[in-house]
Amino acid sequence: MRSSIDTLGFVGGGQMAEAMIRGIVASGLTTAEKIMVAEPSVFRRDALLNQYGVVCTSEAEMLCHSCKVLVLAIKPQLAATVLAEYRPFLTSEHLVISIMAGVTLHTLAGWLGDTIRLIRVMPNTPALVLAGATAFSPNHHVTDQDRKTASALFSAVGSCVEVPESQLDAVTGLSGSGPGYVFTFIEAMIDGGVLAGLPRPVAEQLVLQTVYGSAKLALETGDHPAVLKGKVTSPGGTTIAGIQVLEDGALRGVVMGAIEAATERSRELGA
Ligand SMILES: NC(=O)C1=CN([C@@H]2O[C@H](COP(=O)(O)OP(=O)(O)OC[C@H]3O[C@@H](n4cnc5c(N)ncnc54)[C@H](O)[C@@H]3O)[C@@H](O)[C@H]2O)C=CC1
Ligand SMILES: O=C(O)[C@@H]1CCC=N1
């Protein structure tokens with residue numbers, strides 16, 4: 001059953017806030033008039049107002065008075081300064097949801113107050129097309145209703161799972177940053193198609209559908225990726241010739257190293 005969300009406030013109206021806003025409105029969970037964004041950039045405020053019809057402000061007090069659920073969507077490096085403006089206006093009625101990479105519940109409680117109901121979340125940009133992947137961890141003040149609110153919010157724009165906070169840096173390195181790795185791979189495959197002689201628009205169409213179709217196949221069959229790979233790989237055929245080159249280039253080690261580096265960077269941002 002779908003639950004509804006009271007007025008939802010965003011602190012920061014950048015890329016990730018926009019992905020969430022577009023996804024949440026498209027999902028029907030709430031309407032644009034019930035979303036307010038605090039954002040200092042006039043350019044961003046105009047863009048969000050014109051494109052989605054959300055209410056925009058530059059004032060912390062206005063956002064806190066209007067919204068009981070607040071999503072912190074600012075850069076971690078700015079958070080201490082920005083959240084000092086918000087602390088005086090936060091009450092026991094607020095639920096604060098942080099999507100900032102690396103910033104721990106402990107650090108957030110230090111900035112916002114020990115009694116605040118806080119949920120640390122790591123979403124990703126495919127939320128914009130209702131295909132996001134999100135994991136979240138609540139602090140010990142959070143109620144069952146708060147959990148349902150966060151779950152409804154992020155399930156409306158994709159899949160959502162609760163994890164222990166100790167796993168959230170790894171989530172950040174994997175699915176939070178993951179679209180960046182996948183788009184790099186997509187770009188490389190398109191270039192490969194062009195190198196092999198295909199017109200770029202044809203290569204783009206074929207690669208995007210191949211990546212989309214492969215993910216859909218894995219999701220819908222539930223088959224292990226190794227089994228699905230086996231079904232593409234004819235003995236002495238073309239696919240195994242290509243895979244040999246990927247293995248020569250240590251693709252698996254490179255990908256695992258990228259996720260390890262991003263996880264470590266998330267820990268550094270929180271330190
Ligand atoms: N972009 C992504 O794929 C993901 C980002 N995140 C997290 O989301 C957060 C935002 O990231 P992006 O949207 O990519 O960054 P962004 O730079 O696009 O957005 C940040 C926004 O905060 C605004 N801002 C600056 N000072 C402010 C203030 N005093 N009050 C309110 N807003 C202020 C900026 O003008 C900007 O529009 C970061 O903490 C990041 O770790 C989490 C998951 C994925
Ligand atoms: O690159 C970043 O720091 C953010 C967090 C996860 C995805 N983008």
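No value in this document is a laboratory result; all are computed from the given coordinates. This one's a predicted model, so the numbers in the text were calculated from it and none came from an experiment. Neighbour counts are summed over all protein chains in view; Cβ atoms, including those assigned to glycine, are modelled from backbone coordinates with ideal geometry.
Summary of values
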read-out: Shape of region 1-62, Cα gyration tensor, a/c cut at 1.5; value: prolate
read-out: Cut-off under 5 Å, modelled amide H: who pairs with H141 long-range; value: L118
read-out: Share antiparallel - DSSP beta bridges, the chain, percent rounded to 5; value: 15 percent
read-out: For region 110-196, share of DSSP beta bridges that run antiparallel, in % to the nearest 5; value: 45 percent
read-out: Residue of V96, V207, V232 that the Gaussian network model of the chain assigns the largest fluctuation, springs spanning Cα pairs under 10 Å; value: V232
read-out: Karplus 3J(HN,Hα) series, Hz, for region 167-183 with 6.51 cos²θ - 1.76 cosθ + 1.60 (x for Gly, Pro); value: 9, 6, 5, 5, 4, 4, x, 8, 8, x, 8, x, x, x, 5, 5, 5
read-out: GNM top mover of A38, A226, A133 - the chain, alpha-carbon springs below 10 Å; value: A226
read-out: For region 228-271 versus region 22-61, the gap between their alpha-carbon centres in whole angstrom; value: 38 Å
read-out: When the convex hull of its Cα atoms is projected in every direction, mean area for region 1-153 (nm²); value: 8.0 nm²
read-out: Value of D in µm² per second that Stokes-Einstein yields for the chain, Kirkwood Rh from Cα pairs, at 20 °C (1.002 mPa s); value: 105 µm²/s
read-out: Proximal charge balance of G102 [Cβ under 12 Å; K/R count +1, D/E count -1]; value: 0
read-out: Contact order normalised by residue count of region 150-258, Cα under 8 Å, 6+ apart, percent; value: 13 percent
read-out: Scaled radius of gyration (Cα, divided by 2.2 N^0.38 Å) that region 178-270 gives; value: 1.25
read-out: Nearby lysines by direct alpha-carbon distance to K34 (threshold 21 angstrom, same-chain neighbours under 8 apart not counted); value: K68, K148
read-out: For peptides 42-52, 190-200, sequence by mean Cβ density within 10 Å, most packed first; value: 42-52, 190-200
read-out: Under 13 Å, Cβ to Cβ, from G173 - net charge with Lys/Arg +1 and Asp/Glu -1; value: -2
read-out: With Cα atoms, 0 to 90° folded angle of helix 200-221 axis to the chain main axis; value: 80 degrees
read-out: Fraction of antiparallel bridges per DSSP, region 120-271 only, in percent to nearest 5; value: 40 percent
read-out: Net +/- balance of residues flanking I259 in space, Cβ distance below 14 Å, scoring K and R +1, D and E -1; value: 0
